[in-house]
Amino acid sequence: MDRWAQAAVAPVLRRLRASVVRREHWVQQVAAAGVECARLREEGVKSMAQDLRASLTKTGFRPALAAKAFALVREVAARTIGMRHFDVQLVGGWILLTGRVAEMETGEGKTLTATLPACTAALAGLPVHIVTVNDYLAARDADLMRPVYESLGLSVGTIVQGMTPSERQAAYACDITYCTGKELVFDYLKDRILVGTASNRLQVHLDRLHRSHTRSTDFLLRGLQYAIVDEADSVLIDEAKTPLVIARCTDNAAEHKAYEQALHMARQLVEGRDFIVDRGERTVRVQPSGETRTTELATAFGGLWRGRRRREALVHQALIALHLFHRDQQYLVQESKVQIIDEYTGRLMPDRSWEHGLHQMIQTKEACPLDNHQSTLARISYQRFFRRYLRLAGMTGTAQEVARELWSVYRLGVVRVPSNRPLRRRRIVDQVYVRADDKWQAVVRSIADMTQQGRPVLVGTRTVAASEHLSRLLGGAGLEHQVLNARQDRDEAAVISRAAESGRITVATNMAGRGTDIRLDPDVVARGGLHVIATERHDSGRIDRQLFGRCGRQGDPGTYQTILSLDDQLFVDHGGSVGRRLRGMLGCLGARIPQWLGNFFCWRAQQRAERLQARMRRAVMKMDEQLDSTLAFTGRSE
Ligand SMILES: Nc1ncnc2c1ncn2[C@@H]1O[C@H](COP(=O)(O)OP(=O)(O)OP(=O)(O)O)[C@@H](O)[C@H]1O
C-alpha cells in the first residue's frame, strides 16, 4: 500500500518540485548583488568571500545570501577565466543548489554553471563532490575552473584512476573534488571495509577517540554531503544497472584447468539446438540437448565435472564468454591482459574485472595469463550510494525521458532551463541501408562531401572494431583522418582540439560523446560549423542525442546525420523476431530502405532496449531491498 500511495502522489510532487523556480526574480537578485561585487578589488573579493563563509555557515543557503555568493562567483569567473555566467546559468546554478536536476541543452556551459552552487556550498563548509563520467572530464573541468575557486580561497582536488590512497585523501580533503562516479563509489566501499563492523556513526566516533586516529585517519572520504552530478542521466540511470563490487583475490589454481575444459566443451555445442543466445537480453539458455551433450563430454574429464551444478554453471559461463563478449567490442587485449571497455564512455577500465569467474573465462579464451578468482568483499548499487548524500543535484542535456525514474529513485525533480541563444543545430535526413557494407560506403561519401566544403566532421562509432574498420576505408579513399578510441587514446585533448579544424575528420567511439567540447574557429562557423555523423544508434536515444550535441553549441551552426544499416548491433540485439524476418525480406528491396521505415525500426528497437535496461535497474534495487530484509537481524548491508 505504501508503494501504491507513493506512486499515486509521485507525479504531483515531482511537478511541484520542478516548478518552484522564479527565474526573473532570481536573476534580478543576483544582478543587484553583482553591482557591489563589480566595485571590489582583489583583497575586497577575498574579504567578501570570508564574510560569506561566516554567514553561510551560520544561516545556510538563504536566497539573499546565495544571490550574493552567486554574484561574487560570477564576477570572479569574468575576471579570472574571462567567462561571465549567463542569466540562464544563474538559474541552472540555483536549481543545483536546491537539490534538483537542471536540464540544460548540450553545450550550454554546465561546467561553468556548476561553479555557482559548488562555491556557495563550499563556502558554507560542505565538502562538494562534482561527479562526472570519465577521468578526462574530471581533470579538464577541475583545471578549467581552478582559477575561480582559488580566487575565493577554495581548494580543488581531482580523483583519477591509478592514484594512491594518500593522493586520494588529499584530493577529498579539498573544498571541492572533481571525480568520476566509479572512483567515488569504490573509495566509499574501501572506507566501508575499513569501518568493518562499526556500521554506525557513534561507533566510528568512539573508535576515533579510543584508537587515537589509527583507523579513522585512513578514511579516504570526508562524508557524503553535497554532490553535483554532471551528465546525471548517465551516472544515475545508465550506470546504475550494475552494482559496484570490491573483490579479494583467492587462489583457485585448480579452477584454471576447469576454464579450459569448459571452453572446450562449450565449443562443441551447437547454437539453436543445444543453447539459445538472446543478444538483446544478453543471456544464454542451455537446452536439454545441451545438458545431455555436456554430461557426455564431461565424462572424459572426471573430478569436479562429476557434480551437475558445477558442470552446468561452468559451461554456461563459457558459452557467455564465447557468444556475448567479443574482442574489440566489450574488451581489448593489451599486453596479454583482458581490459574491459566501458560501454558508456568507450574508455578502458584497467583495474576492473567481471564477476563470478567470467573474467578468467575470457582470459582463458584469449590465452592470457589468469588472474586469481575473486570473492566479494563489499558491494553497493549506484542507487543506494547516491541516495546517501545529504544534498544531491544533477545536470544534463537529456533528462526528460528519465525524469520519472530520477524522482522515484533519488527524489530528484527535473527542471528545464532555456538555452542562452537560439539553437542552430540542423538534422540532415537519416539514411538506412540493408547491408553494413552499403552503409560504410555512404558514410565515406558523406564525409568526403563535407570535407570538400571545408567543414570538420566528427564520426561516432559504437565499438573500437567499427572505428578501425572505418579508418581503413577512409585510408583506402585517401581521406586523412584521426582516430580516438580505447586503443588509441593518447593525446586525447590534442585530438579534440584539432577536431574543430577546417576539413578535419575525426573518427571516435563514445570517448568523444558526452562532455566533449569542440571549439570552433570563426572561419569554420562561417562554413556551417561541425558536422556529426552517427554510424550506429545506441540502446538509448539519449546517448545518440549527446553525440549530436557536439555540434551546434552556444548558438553555433552545425548539422548531424545518422547513417545506419539493418546489420547494426541495435537491430540485431533488439529488433526481435519480426525485425529479423523483415530484415530478410527487405534485402530484396535494394540497398536503402525508406526513411520512415528505418526510423520506425530504430524507435522500436530502442524502446525494447530501454525497457530491458529499466528492468535490470529495477532488479538491482530489488536485490538491495532483499539484502536489507535478509540482513535485518545481522546489521546493515553493503
Ligand atoms: N558564460 C559563458 N561565457 C562564455 N563562454 C561560455 C560560457 N559558458 C559556457 N561557455 C562555453 O561554452 C562551451 C560549452 O561549455 P561546456 O562544455 O561546459 O558545456 P556543457 O553544457 O557541459 O556541454 P555538454 O552537455 O556537451 O557536456 C565551452 O566552450 C565554454 O567555454
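The values are calculated or read from the model by the stated rules, or taken from the named source; none is laboratory data. Predicted model only: the values in this text are computed from it and were never measured. All Cβ positions, glycine included, derive from the backbone under ideal geometry; neighbour counts span all protein chains shown.
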Legend entry - When residues of segment 300-334 are limited to those that are in a loop (DSSP other than H, G, I, E, B) and at pLDDT below 85, the one surrounded by the fewest Cβ atoms within 10 Å (Cβ to Cβ): GLY302
Inset, instruction - Answer yes if at least one residue in segment 269-281 is surrounded by 16 or more Cβ atoms within 10 Å (Cβ to Cβ), in the same structural domain as ALA367 (by TED's automatic domain parsing) and part of a helix (DSSP H, G or I), and no otherwise. - result: no
Legend entry - Counted residues, segment 382-407 - those being surrounded by fewer than 22 Cβ atoms within 10 Å (Cβ to Cβ) and over 18 Å from SER540 (Cβ atoms): 8
Legend entry - Criterion (crowded, with 19+ Cβ neighbours inside 10 Å, more than 14 Å from the ligand (Cβ to nearest atom) and of a type outside the set (Ser, Thr, Tyr)) met by exactly one of LEU40, LEU65: LEU65
Inset, instruction - Taking the residues in segment 553-585 that are within 16 Å of the ligand (Cβ to nearest atom) and of a type in the set (Gly, Ala, Ser) as candidates, determine which candidate is farthest from SER467 (Cα to Cα). - result: GLY555
Inset, instruction - Please verify whether segment 410-431 includes one or more residues that are over 30 Å from THR535 (Cα atoms), away from the ligand (no atom under 16 Å from the Cβ) and of a type in the set (Val, Ile, Thr). - result: no
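What residue, among those in segment 107-129 that are among the polar types (S, T, N, Q) and within 9 Å of the ligand (Cβ to nearest atom), is farthest from LEU52 (Cα to Cα)?
Taking segment 107-129 and keeping what is among the polar types (S, T, N, Q), we get 111, 113, 115, 120.
Subset that is within 9 Å of the ligand (Cβ to nearest atom): 111, 113.
Details: THR111: 23, THR113: 19 Å.
Of everything passing the filter in segment 107-129, THR111 is farthest from LEU52 (Cα to Cα).
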Legend entry - Candidate set from segment 68-88 (those that are basic (Lys, Arg) and within 16 Å of the ligand (Cβ to nearest atom)); member that is surrounded by the fewest Cβ atoms within 10 Å (Cβ to Cβ): ARG84
Inset, instruction - Kindly provide the set of residues from segment 130-162 that are in a loop (DSSP other than H, G, I, E, B) and within 14 Å of the ligand (Cβ to nearest atom), ordered by number. - result: VAL133, ASN134
Legend entry - Residue selected from segment 335-359 under the condition basic (Lys, Arg) and not in a strand (DSSP E or B), by the criterion farthest from PRO288 (Cα to Cα): ARG347
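For residues that are within 16 Å of the ligand (Cβ to nearest atom) and in a helix (DSSP H, G or I), scanning just segment 193-238, find the one that is modelled with the lowest pLDDT. Full working, then the answer.
Looking only at segment 193-238, we keep the residues that are within 16 Å of the ligand (Cβ to nearest atom), and these are 228-238.
If we keep only those that are in a helix (DSSP H, G or I) as well, we get 232-238.
Working: ALA232: 96, ASP233: 94, SER234: 92, VAL235: 93, LEU236: 95, ILE237: 93, ASP238: 89.
In this case the residue turns out to be ASP238.
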Inset, instruction - Just give me the residues in segment 581-638 being more than 29 Å from ILE237 (Cβ to Cβ), touching a Leu at 6+ places or on another chain (Cβ under 6 Å) and either of a type in the set (Val, Ile, Thr) or modelled with pLDDT of 75 or more (or both), in sequence order. - result: ILE593
Inset, instruction - Scan segment 473-492 and give yes if some residue there is within 16 Å of the ligand (Cβ to nearest atom) and polar (S, T, N, Q), otherwise no. - result: no
Inset, instruction - Return yes when ALA500 is within 22 Å of the chain's Cα centre (by Cα), of a type in the set (A, V, I, L, M) and within 16 Å of the ligand (Cβ to nearest atom) and no when it is not. - result: no
Inset, instruction - For segment 503-515, enumerate the residues that are within 16 Å of the ligand (Cβ to nearest atom) and of a type in the set (A, V, I, L, M, F, W, C). - result: ALA508, MET511, ALA512
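Out of GLU468, GLU401, I need the residue that is within 16 Å of the ligand (Cβ to nearest atom) and in contact (Cβ under 8 Å) with a residue 40 or more places away in the chain. Which one? Working first, answer last.
Values: GLU468 fails: within 16 Å of the ligand (Cβ to nearest atom).
When all the criteria are applied, what remains is GLU401.
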Legend entry - Index of the failed condition, GLU167 passing every other in (1) without any contact (Cβ under 8 Å) to a residue 12 or more places away in the chain; (2) closer than 24 Å to GLN546 by Cα: (2)
